[in-house]
Every structure is written in C-alpha cells, then in structure tokens.
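Q: Okay, here's the structure, questions in a sec.
The values are calculated or read from the model by the stated rules, or taken from the named source; none is laboratory data. It should be emphasised that the depicted structure is a prediction, and the values quoted were computed from it without experimental measurement. Glycine also receives a Cβ, built like all others from the backbone with ideal geometry; neighbour counts cover every protein chain displayed. The area values use the complete protein model at the heavy-atom level, side chains included, leaving out ligands, DNA and RNA. Shrake-Rupley method; radii C 1.70, N 1.55, O 1.52, S 1.80 Å.
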Amino acid sequence: MGFFEKFLPKEDRFAALMLYGMVFSTCFNGYDAGIMTVILADKQFIEYYGIDATKSGVVATIPWATTGLAQLCVGGTLANMVGRLWALRISICFMCIGVVVQVVPNSYGVLILGRLITGLGFGCVYIASNLYVAECAPRMLRGSFVGTVSQFGYQLGTLIAFWAGYGMSFHKSPYNIAWRVSNLIQIPIGLMFVAISFLYIESPRYLLEKRPDHPERVLQTLAKLRSGSVEDERVLTEFHELVASYEHRKKFDTGYLGIIKSPAMRKRLLYGFYATALQQFGGIAALTMYATLIYKSLGWDQGSQALAINGIQAVLQLFIVLVNTFTVDRFGRKTLLICGFAIQSLALLILSALTTSFPSNTNKAAAVVEIAMFFIVGMTYCWSNGPIPPAIASEIFPTHVRDKAFGLSLLGQTACLLALTQPWPDFNQKVGPKSYWLLFGLNVIALISVIFILPETKGISLERMDKIFGQVDAVEAGEHDAETRKLEENARKASHSDGTADAEKRGSVMQVEAVKELR
C-alpha cells in the first residue's frame, strides 16, 4: 500500500475523507490545552489574576474536574441520546461559551467558571469524536484512523496555539490583549467543524442500536461509508456482523445498568481504566502544560526563547504522529506502547541525571541535551501512549454499552492527569531538578505493566472483540440464536401443517433435535 493509499484507501475513501475532517474537532480541544501553556507564562495574565504556583496548577487543571463529570455521566449519555454528531456539535458550542467567559474582563472566580464550562465541553467532544471514528473506521485501519484523528488533530491545535501565543506575546498594549485574543482564536476552529459536520453521516452502529426496525437504512449508510453498494460482499459481510451481534446483545441490559450488572463488562471496564490511565501515567500533561515555565527554569529564559522552543517542538510533534498512522495496525497497539515507554524511560533517565548533576544550569551543553530529551519524550508520546489508549478504550466495548463505558474508562486518564499536573508546579518548585526522577519511575512502571497486562486488539472487528476477553463471540452467538429461531419456527409450521397429534410430536422432536445439533 502506497503513501497515498495508506491515507485514502480506495475502498474506504469516503470514510477516510470524512474521518480526517474530524481532525478539526480534536484540533479545537488541542488548541485550548496548548494556549494555556503560553498564557500561564504571560506576565500580564499573571499580574491580572495574581497567579502563583498554586493558582497556576488550579487554572491548568480545573477544567478536568468537569471533564471528569462528562466522562462519568454526561458525555456518554449525550452521545447515546442525540447521536455522535449532534453530541459533538452541542459540546463544541458549549466550549465556545466557556472560552468567551474566560476572556471577558472578570475576576479570578469567573475565570475558573469559564475553565469549568470549557472542561465539560472538552470531555464531551473527546468522547463523541473517538466513538464516531472507532465506529466508522474500517476494521484493518481502525487504530490508524482513531490515533491519527485524535492525536494529529490535538497536536495541530497545540501547534496553532503555540505560534498564535508566540505572535501575540509581542503585543504588550492594549494591556491584557495578548492572552485574550490568543484564547479567542480557537472559536473559529470549533465553529468551522460544526459547519462541515452537517455533511457527515451518522455512525451505522449507532443507527442500528437506535433503529433496529430499519436495517435497510443501516445497510445503505454502511455502503456509503465503505464507498460501495448494498450488494458488495464486504459491505454485506460487515452488515451481517452488525446485525448478528445486535441479535445476541439485545437480550442484555444497556448503558450503565448493563455495565454494572455484568461481571464481564466490569472486568472490561477495568481494562478501559487501565488503558486510558497509560496516556497520562508518565506525566506528559505536566511536561506539556508547564513546558514554557520548565524551559525557563532550565535557563532558556532570554526574551521569547521558551515560547520559540515550544513552537518548534509542536511542529515536530505534529508530523511524528504519522509514525502511528503507518505502524499501529501493522505491529499492534501493545508493541508500540512497549517501544514508546522504553524510549521515554531512557530519555527521562538521561534528563533526570543531567538536571541533578547541573541544578544551576551552568553547563550549556547539558541544557541543550535536556531540551533534546524533552523533545524525545514529547515526540514519542505522539505516536505511542498518546493516540493508542483512546483507540483501545473505544474498541473493547460492545455497542450497547460503548458510549457510557468509554466515557467511564476515561476517568483513568483524568485521575492520572489531575494527580500529576495540579501539584506539579509546587512539587517542581520544592524538589527542583530531582523532580524528573518521579516521571522516570512512572514510565518504567507503565512499561512493565503493558508487557504483562494489556491485551492486543489489532485487526479484530468491534463485533468480535468479546472473544479476546474470554467471552462468547457475539457474531457467532447471534448467528446461532437466529438459526435456532428459524428452526423452531420451521418445526412449529411442520407441526401445524398436519392436523394430527403425530405431526405435532414429529415437529417437537425436530425442534429439539435441531437445537441439540446447533449446541
């Protein structure tokens, strides 16, 4: 498969173009996170709100309080009630309101309110976008699509944010104009996606779950998504899996009740928690959110040096995401995570040794190597534990609980992010250069855990994911249930076609024997 075919496979070209458009939704999320890195280092912003180490941690992480609420109950419920696309549109508009609240002249309390509104929208956007991509992507390229859309879009957003913030940092007058304008720039990105989203089609899996009495609509949607016709064998095969899986699953409880009551779902939810925790367990959010401040602490504090370094790193990280695009469905999720954590552990080991040896930043060569290690950690994250965890968590659950189970799984990500990011400025200030040893240790722990815990989901269709967790294959079970009902119906017809008791007896015997044979 050539370079062009990898990004726009012939048989899935419509789906590819549509899914890559989803980059704008994750770009919107990435911009909000990236711009705070710049704003938290803006002297006018610091003076305006009296920002110290504690307040810096609160401003950076407070959105994750409402993001956690979205993950707990709002995001999955919204995606289930109105669909994946409408959930995205509503959530993005909600984020825009939060941004406006943040930038109008206000008090510290109003700033926090705006951050909380933004965080709720952020959580809902992340849930809906990953669900949509996972459910619409072709099976053999699902990891590639989910990873590219979620991480490439996020990195594109941070790239735009860093350079927008860098450009605005030179505008010192009117007072406080720089951080306000650079924050507002993200709104057109979000509204642009809302506009193009009306060209999209809803997830066929969501349609089947909500309108099982209209399978013809699901088949037509799937055919359009796969750039084929309703008679194409590959379309019919996937449609058959969807319907057979639904026939088996419709007897189970849906939503939160289906997760709580089923031991198998509770076990799978633990895998989801674990997978998403891997994304933030190594402390990448702390290194990203406070990157400008960290670079200044390492001696890169002349003029706009720290902001420029941030911008260069963002450019490199944007394109390194493509490593995931070309490798995740070839080598698997687990292999890339093992490689990623191994590289990050080594880079953090070197970084920790240098910052401990030269705490006063007196050695320029050491300072350059330290920046290089930060670059390696950030770039490795972009093709490894950045895009892979949401791909795993969005694909391991059956459709009848996927929206809510995926949202709950993301609490693992939020818990790790809050635990490391909120106290990081104060921790770094007190411990100093030795603070990076903590991140080294966490990455080593993550590496060991992936080797022994994480299952591989590469190349398995969403409808057949049950079998890797030791459960009955939903497609085979659905086929069995349908065939059993067909045989039972035939047996009843046979018993009633002959008006004698012997005929009824023969029909009963046929039914029992047929069921026995299937089982």
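Q: Here is a check on your reading of the model: is Phe198 open to solvent by 30 Å² or more (accessible area, probe 1.4 Å), touching a Leu at 6+ places or on another chain (Cβ under 9 Å) and under 21 Å from Ile284 (Cβ atoms)?
A: Answer is no for this residue.
Q: Can you say whether Thr66 is touching a helix residue (DSSP H, G or I) at 6+ places or on another chain (Cβ under 6 Å), among the hydroxyl-bearing types (Ser, Thr, Tyr) and in a helix (DSSP H, G or I), as far as the supplied structure shows?
A: Numbers: touching a helix residue (DSSP H, G or I) at 6+ places or on another chain (Cβ under 6 Å): yes; among the hydroxyl-bearing types (Ser, Thr, Tyr): yes; in a helix (DSSP H, G or I): yes.
The answer is yes for Thr66.
Q: Could you check, for the stretch 306-327, whether at least one of its residues is in a loop (DSSP other than H, G, I, E, B), of a type outside the set (A, V, I, L, M, F, W, C) and touching a residue at least 60 places away in the same chain (Cβ under 8 Å)? Quick ask: steps written out before the conclusion?
A: Initial filter on the stretch 306-327 (in a loop (DSSP other than H, G, I, E, B)): 321.
Then keep just the ones that are of a type outside the set (A, V, I, L, M, F, W, C); that gives none.
Checked against the condition, which is being in a loop (DSSP other than H, G, I, E, B), of a type outside the set (A, V, I, L, M, F, W, C) and touching a residue at least 60 places away in the same chain (Cβ under 8 Å), the stretch 306-327 yields no hits at all.
Q: If I ask for residues that are open to solvent by less than 60 Å² (accessible area, probe 1.4 Å) and either out of contact with any Cys (no Cβ under 6 Å at 6 or more places or on another chain) or not in a helix (DSSP H, G or I) (or both), which ones from the stretch 178-188 would you list? Steps first, please.
A: Restricting attention to the stretch 178-188, the residues satisfying the condition of being open to solvent by less than 60 Å² (accessible area, probe 1.4 Å) are 178-183, 186-187.
Those that are open to solvent by less than 60 Å² (accessible area, probe 1.4 Å) and either out of contact with any Cys (no Cβ under 6 Å at 6 or more places or on another chain) or not in a helix (DSSP H, G or I) (or both): Ala178, Trp179, Arg180, Val181, Ser182, Asn183, Gln186.
Q: Kindly indicate whether Val23 is within 26 Å of Tyr132 (Cα to Cα) and in contact (Cβ under 8 Å) with a residue 12 or more places away in the chain. Give the steps one after another, and end with the answer.
A: On the way: within 26 Å of Tyr132 (Cα to Cα): yes; in contact (Cβ under 8 Å) with a residue 12 or more places away in the chain: yes.
The answer is yes for Val23.
Q: For the stretch 398-452, how many residues are of a type in the set (S, T, N, Q) and in contact with a Gly (Cβ under 9 Å, 6 or more places away or on another chain)? Talk me through it step by step, then tell me what you get.
A: Kept after step one, since they are of a type in the set (S, T, N, Q), are these residues of the stretch 398-452: 399, 409, 413-414, 421-422, 428-429, 435, 443, 449.
Within this subset, residues satisfying the condition of being in contact with a Gly (Cβ under 9 Å, 6 or more places away or on another chain) are 409, 414, 421-422, 443.
Going through the stretch 398-452 one residue at a time, the tally reaches 5.
Q: Now, a different point. Could you check the stretch 79-108 and list, in sequence order, the residues that are of a type in the set (Ser, Thr, Tyr) and not in a helix (DSSP H, G or I)?
A: Matches in the stretch 79-108: Ser107 only.
Q: Let me ask another. Could you please let me know if Glu479 is touching a residue at least 12 places away in the same chain (Cβ under 8 Å), open to solvent by 40 Å² or more (accessible area, probe 1.4 Å) and more than 27 Å from Val149 (Cα to Cα)?
A: yes
Q: Starting from the stretch 240-256, keep only residues that are among the basic types (Lys, Arg), then list their pairs with residues that are open to solvent by 40 Å² or more (accessible area, probe 1.4 Å) whose Cβ atoms are within a distance under 7 Å, requiring at least 6 positions of separation or different chains.
A: Note: no pairs meet the criteria.
Q: Still on this structure: If you go through the stretch 214-251 one residue at a time, how many are at pLDDT 90 or above and of a type in the set (Gly, Ala, Ser)?
A: Total meeting the criteria: 4.
Q: Name the single residue that is farthest from Phe440 (Cα to Cα) among those in the stretch 350-370 being buried (at least 21 other Cβ atoms within 10 Å of the Cβ) and polar (S, T, N, Q).
A: Among those that are buried (at least 21 other Cβ atoms within 10 Å of the Cβ) and polar (S, T, N, Q), it is Thr355.
Q: Also, quick follow-up: Are any residues in the stretch 207-230 of a type in the set (A, V, I, L, M) and either touching a residue at least 60 places away in the same chain (Cβ under 8 Å) or open to solvent by 90 Å² or more (accessible area, probe 1.4 Å) (or both), and if so, which ones? Walk me through it before giving the result.
A: Kept after step one, since they are of a type in the set (A, V, I, L, M), are these residues of the stretch 207-230: 207-208, 218-219, 222-223, 225, 230.
Matches in the stretch 207-230: Leu208, Leu225.
Q: Collect the residues in the stretch 332-349 that are of a type in the set (A, V, I, L, M, F, W, C), touching a residue at least 60 places away in the same chain (Cβ under 8 Å) and open to solvent by 10 Å² or more (accessible area, probe 1.4 Å), keeping them in residue-number order.
A: Residues of the stretch 332-349 of a type in the set (A, V, I, L, M, F, W, C): 336-339, 341-343, 346-349.
Still in the running and touching a residue at least 60 places away in the same chain (Cβ under 8 Å): 337-338, 341-342, 348-349.
Scanning the stretch 332-349 gives Ile338, Ala342, Leu349.
Q: Further question on the same structure: Taking Leu72, is it closer than 27 Å to Ile196 by Cα, part of a helix (DSSP H, G or I) and open to solvent by 10 Å² or more (accessible area, probe 1.4 Å)?
A: Working: closer than 27 Å to Ile196 by Cα: no; part of a helix (DSSP H, G or I): yes; open to solvent by 10 Å² or more (accessible area, probe 1.4 Å): yes.
No: the conditions fail for Leu72.
Q: Return the residues of the stretch 324-374 that are basic (Lys, Arg) and touching a helix residue (DSSP H, G or I) at 6+ places or on another chain (Cβ under 7 Å); say none if nothing qualifies. Quick ask: steps written out before the conclusion?
A: Initially, the stretch 324-374 is screened for residues basic (Lys, Arg), giving 330, 333-334, 364.
Matches in the stretch 324-374: Arg333, Lys334.
Q: Condition first: open to solvent by 40 Å² or more (accessible area, probe 1.4 Å), out of contact with any Lys or Arg (no Cβ under 6 Å at 6 or more places or on another chain) and modelled with pLDDT of 90 or more. Can you find one or more residues in the stretch 311-321 that meet it? Before you say what the answer is, go through the steps one by one.
A: First, pick out the residues of the stretch 311-321 that are open to solvent by 40 Å² or more (accessible area, probe 1.4 Å): 312, 315-316, 319-320.
Now restrict to residues that are out of contact with any Lys or Arg (no Cβ under 6 Å at 6 or more places or on another chain): 312, 315-316, 319-320.
From the residues that got through so far, the ones that are modelled with pLDDT of 90 or more too are 320.
Yes, because at least one residue in the stretch 311-321 is open to solvent by 40 Å² or more (accessible area, probe 1.4 Å), out of contact with any Lys or Arg (no Cβ under 6 Å at 6 or more places or on another chain) and modelled with pLDDT of 90 or more.
Q: Take the residues of the stretch 249-263 that are open to solvent by 30 Å² or more (accessible area, probe 1.4 Å) and not in a loop (DSSP other than H, G, I, E, B): which is nearest to Asp466 (Cα to Cα)?
A: So the residue we want is Pro263.
Q: May I ask you to say which residue of Asn428, Asn385, Asn443 is assigned to a helix (DSSP H, G or I) and closer than 22 Å to Leu337 by Cβ?
A: Working: Asn428 fails: closer than 22 Å to Leu337 by Cβ; Asn385 fails: assigned to a helix (DSSP H, G or I).
Sole residue among the options that is assigned to a helix (DSSP H, G or I) and closer than 22 Å to Leu337 by Cβ: Asn443.
Q: Quick one: which of Val444, Val431 is open to solvent by less than 70 Å² (accessible area, probe 1.4 Å), in contact with a helix residue (DSSP H, G or I) (Cβ under 7 Å, 6 or more places away or on another chain) and of a type outside the set (Asp, Glu)?
A: So the residue among Val444, Val431 that is open to solvent by less than 70 Å² (accessible area, probe 1.4 Å), in contact with a helix residue (DSSP H, G or I) (Cβ under 7 Å, 6 or more places away or on another chain) and of a type outside the set (Asp, Glu) is Val444.
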